[in-house]
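The values are calculated or read from the model by the stated rules, or taken from the named source; none is laboratory data. None of these values were measured; they are calculated from a predicted model. Heads up, the Cβs are rebuilt from the backbone with ideal geometry, glycines too, and the neighbour counts pull from every protein chain shown.
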Amino acid sequence: MGALAGQVALITGGGRGIGAETAKQLAQLGATVALVARTREQLEATAQQIRAAGGRAYWFVADVSDEGAMREAVHGTLAITGNIDILVNNAGFIQAVGPIENSDPAEWWRTVEGNLKGLYLTTRLVLPTMLEQGHGQIVNVLSIAGARAFSGLSAYSCAKAAGLMFTRILAKEVRKRGIRVMAILPGAVDTAIWGTGEGVPDREKMIRPSSVAQLIAQMLTTPPDATVDELWVLPREGVL
Ligand SMILES: NC(=O)c1ccc[n+]([C@@H]2O[C@H](COP(=O)([O-])OP(=O)(O)OC[C@H]3O[C@@H](n4cnc5c(N)ncnc54)[C@H](OP(=O)(O)O)[C@@H]3O)[C@@H](O)[C@H]2O)c1
């Protein structure tokens, strides 16, 4: 039996990239996975791959920063599965790239809000179930950019830095009530988030999304008397 047999994992941004790889690996460990993202075709494709491999997967189209849509996704998951044991707050995007002096205020704020609001709202919606159960695990997928300064990434980095503090405060608030709250801070990972524009570091040197997923799976299967807390993961050659 897999290490996560009988458990239910809600994974935001589960349509592609790190989220899709994490869903596949958690399903392989026996978890039932519920995927959330905005692109229906990608959710369907990932869920189909998981089912073809013998796993259980459901999906919900929702923008994580839309409280009503996320409430439906969480309630929909609970209606099917009865519980949520694991939340992987993974949805995120990079926009408003460039120096602060040239930034567009509306785009800058949308980038901060889009990355941070979903983390807060999804957590807020799932917490009551976990607290009632008296157990649960939350992994927030943040970024090395939330802990180190990179020119041109102010909006994304501010959201990720706020996500790190959110993780630390949430851990303090709920760790004595049976909930393990963890953060992973990857460096460059070879996914669509980088787009195709100029200035993208060498993708060959980036971390594979499946490697990040493997580490998230390990965090979620840490013995119950321990927690990984915060995990910084860099490409083998360091920050690219
Ligand atoms: N790749 C890297 O180098 C890297 C490094 C450090 C941290 N991260 C973090 O890792 C996480 C996953 O990124 P990735 O690299 O796997 O990127 P990705 O391939 O672009 O995947 C992002 C996923 O999040 C979903 N998503 C984005 N915004 C959303 C929203 N508002 N509501 C619902 N779903 C949303 C996307 O689907 P839709 O667009 O269909 O909604 C997609 O499924 C992000 O939080 C990112 O910041 C990535």
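Name the single residue that is farthest from the ligand (Cβ to nearest atom) among those in the stretch 185-199 being among the hydrophobic types (A, V, I, L, M, F, W, C) and under 17 Å from residue 149 (Cα atoms).
Narrowing the stretch 185-199 to residues among the hydrophobic types (A, V, I, L, M, F, W, C): 185, 188-189, 192-194.
Right, trim to under 17 Å from residue 149 (Cα atoms) and you get 185, 188.
Working: 185: 7, 188: 4 Å.
The residue in question is 185.
Taking residue 160 as the residue in question, decide whether it is part of a helix (DSSP H, G or I), without any contact (Cβ under 8 Å) to a residue 12 or more places away in the chain and either charged (D, E, K, R) or surrounded by 12 or more Cβ atoms within 10 Å (Cβ to Cβ) (or both).
Working: part of a helix (DSSP H, G or I): yes; without any contact (Cβ under 8 Å) to a residue 12 or more places away in the chain: no; either charged (D, E, K, R) or surrounded by 12 or more Cβ atoms within 10 Å (Cβ to Cβ) (or both): yes.
When the stated conditions are applied, residue 160 does not pass them.
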For this session: Evaluate the stretch 160-176: report whether one residue or more is farther than 25 Å from residue 116 by Cβ, of a type in the set (Gly, Ala, Ser) and modelled with pLDDT of 95 or more.
Result: no
Exercise. Is it true that some residue in the stretch 121-131 is assigned to a helix (DSSP H, G or I), touching a residue at least 60 places away in the same chain (Cβ under 8 Å) and within 11 Å of the ligand (Cβ to nearest atom)?
Worked result: yes
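Here is a yes/no grid of residues against (1) in a helix (DSSP H, G or I); (2) hydrophobic (A, V, I, L, M, F, W, C):
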| position | (1), (2) |
| --- | --- |
| 11 | no, yes |
| 35 | no, yes |
| 42 | yes, no |
| 51 | yes, no |
| 58 | no, no |
| 108 | yes, yes |
Exercise. Do we have any residue at all in the stretch 185-204 that's part of a helix (DSSP H, G or I) and crowded, with 20+ Cβ neighbours inside 10 Å?
Worked result: no
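For the stretch 138-147, does any single residue satisfy the condition of being in contact (Cβ under 8 Å) with a residue 40 or more places away in the chain, of a type in the set (A, V, I, L, M, F, W, C), more than 29 Å from residue 221 (Cβ to Cβ) and outside any helix (DSSP H, G or I)? Give the steps one after another, and end with the answer.
Going through the stretch 138-147, the residues in contact (Cβ under 8 Å) with a residue 40 or more places away in the chain turn out to be 138-144, 147.
If we keep only those that are of a type in the set (A, V, I, L, M, F, W, C) too, we end up with 138-139, 141-142, 144, 147.
Next cut, more than 29 Å from residue 221 (Cβ to Cβ) only: none.
Within the stretch 138-147, none of the residues are in contact (Cβ under 8 Å) with a residue 40 or more places away in the chain, of a type in the set (A, V, I, L, M, F, W, C), more than 29 Å from residue 221 (Cβ to Cβ) and outside any helix (DSSP H, G or I).
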Exercise. What number of residues within the stretch 13-33 are more than 8 Å from the ligand (Cβ to nearest atom), in a loop (DSSP other than H, G, I, E, B) and of a type outside the set (Gly, Ala, Ser)?
Worked result: 1
For this session: Residue by residue through the stretch 120-152, note down the ones that are in contact with a Leu (Cβ under 9 Å, 6 or more places away or on another chain) and of a type in the set (A, V, I, L, M, F, W, C).
Result: 126, 127, 130, 138, 139, 141, 142, 144, 145, 147
Problem set entry | Close pairs (9 angstrom Cβ cut-off, 6 or more residues apart or separate chains): over 24 Å from residue 134 (Cα atoms) and of a type outside the set (Val, Ile, Thr) in the stretch 212-236, modelled with pLDDT under 95 and outside any helix (DSSP H, G or I) anywhere | 234/240; 235/201
Exercise. Which one of these is of a type in the set (Asp, Glu) and near the ligand (Cβ under 10 Å from one of its atoms): 63, 85, 104?
Worked result: 63
Problem set entry | Leading residue by the ranking (surrounded by the fewest Cβ atoms within 10 Å (Cβ to Cβ)) among those in the stretch 61-103 that are within 17 Å of residue 119 (Cβ to Cβ) and of a type in the set (Asp, Glu) | 66
Exercise. Restricting the stretch 205-230 to residues that are within 13 Å of the ligand (Cβ to nearest atom) and among the small types (Gly, Ala, Ser), which is surrounded by the fewest Cβ atoms within 10 Å (Cβ to Cβ)?
Worked result: 210
